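Taken together, the values in this text are just the output of simple stated rules run on the coordinates, not laboratory data. All values derive from a computational prediction rather than experimental measurement. Backbone-built Cβ (ideal geometry, glycine too); neighbour counts: all protein chains shown.
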Amino acid sequence: MESLKKYLYKIADAKHLLICGIIFIIFNIFIFPYLQNRIDPTGQHPMLDLLFGYSLNEAYYILDAIGREGRSAHLFATSAADMFYPVVYALLLSIIIALMMKKLMFTDGILSYIIFFPFLIMAFDFIENSAIIVMVSSFPHLPEGAVLLGSYAGMAKWVSTGIVILIILISGIMILKRKIFKLK
């Protein structure tokens, strides 16, 4: 764990931030809109992993409404693109936090491990994606356990995302506060 922490702080620089940021933007501007259009050309049904929880009936309704071609595209999106994307955003967020921790001089001690929080989001996302793959693959017979696991993992992913955003905001405020008081 310590060597991984040191490695993350080592790669926390402008170059790696830019690389991860560009890949993140490509996913959000090009890849996901394209895949969402393949899944549901009408744009009326969200992908399950964008919801904050869902029931067995809601999952069934969405997977039924997008049809066989939509489910096939959903399976591809979840098993290919959405298995790589969590790695990208986890690294991006971890680098952002590491850069902020460097500025705050929190690279040692208990607070230095805060850079691992984005990987918690990634873990929940992987669990959610695995459950969605099971649901889409077994449609129309949705395993209730897969639906519950996917729904709970998705909610945990969004709560963890909120925590990471809060960490970044608080760190940013601390950095600004230090700069303001340094000027006076």
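With the simple spin-label model, which puts each label point 7 Å out from Cα in the Cβ direction, the Thr42 to His141 separation comes to 2.8 nm. Take each peptide in 115-127, 22-34, 57-69, count the other Cβ atoms within 10 Å of every residue, and average; sorted highest first, the result is 115-127, 57-69, 22-34. Rg ratio for the chain: its Cα radius of gyration over 2.2 N^0.38 Å, N being its residue count, equals 1.19. For the listed residue pairs Lys15/Lys179; Lys102/Lys177; Lys10/Lys157; Lys15/Lys103; Lys15/Lys182; Lys5/Lys182, the alpha carbons are over 20 angstrom apart in Lys15/Lys179; Lys10/Lys157; Lys15/Lys182; Lys5/Lys182.
Here the Karplus relation 6.51 cos²θ - 1.76 cosθ + 1.60, evaluated at θ = phi - 60°, turns the backbone of the range 14-30 into coupling constants of 4, 4, 5, 4, 5, 4, 5, x, 5, 4, 4, 5, 4, 4, 7, 9, 10 Hz, with x for every Gly and Pro. For the range 67-80, putting each phi into the Karplus relation 6.51 cos²θ - 1.76 cosθ + 1.60 with θ = phi - 60° gives couplings of x, 5, 5, x, 5, 5, 5, 5, 4, 5, 4, 6, 7, 10 Hz, in residue order, rounded to whole numbers and with x for Gly and Pro. Computed from the C-beta positions of Leu176 and Leu111 and an R0 of 22 Å, the FRET efficiency is 0.75 to the nearest 0.05. A Förster radius of 25 Å combined with the Cβ-Cβ distance from Met1 to Lys103 puts the calculated FRET efficiency at roughly 0.65. Only the Cβ atoms of Lys and Arg (+1) and of Asp and Glu (-1) were treated as charged; on that basis the dipole of the range 49-121 about its Cα centre amounts to roughly 280 debye.
Karplus-based coupling profile of the range 46-60, in residue order and whole Hz: x, 5, 4, 6, 8, 8, 8, x, 7, 8, 4, 5, 5, 4, 4, with θ = phi - 60° in 6.51 cos²θ - 1.76 cosθ + 1.60 and x standing for Gly or Pro. Footprinting exposure proxy ranking of Ile173, Ile110, Ile133, fewest other C-beta atoms within 10 angstrom first, gives Ile110, Ile173, Ile133. For the chain, set up a Gaussian network in which alpha carbons nearer than 10 Å are linked by springs, and say which option among Ala80, Ala156, Ala12 fluctuates the most. Top of the fluctuation ranking is Ala80. Taking Cα centre as origin and charging only the Cβ of basic (Lys, Arg, +1) and acidic (Asp, Glu, -1) residues, the dipole magnitude of the range 1-124 rounds to 500 debye. With contributions of -39500 (n - 2.57) from each DSSP H run of at least four residues, the per-residue ellipticity at 222 nm computed over the chain stands at -25000 deg cm²/dmol. For the range 132-184 versus the range 95-124, the spacing of their alpha-carbon centroids is 15 Å.
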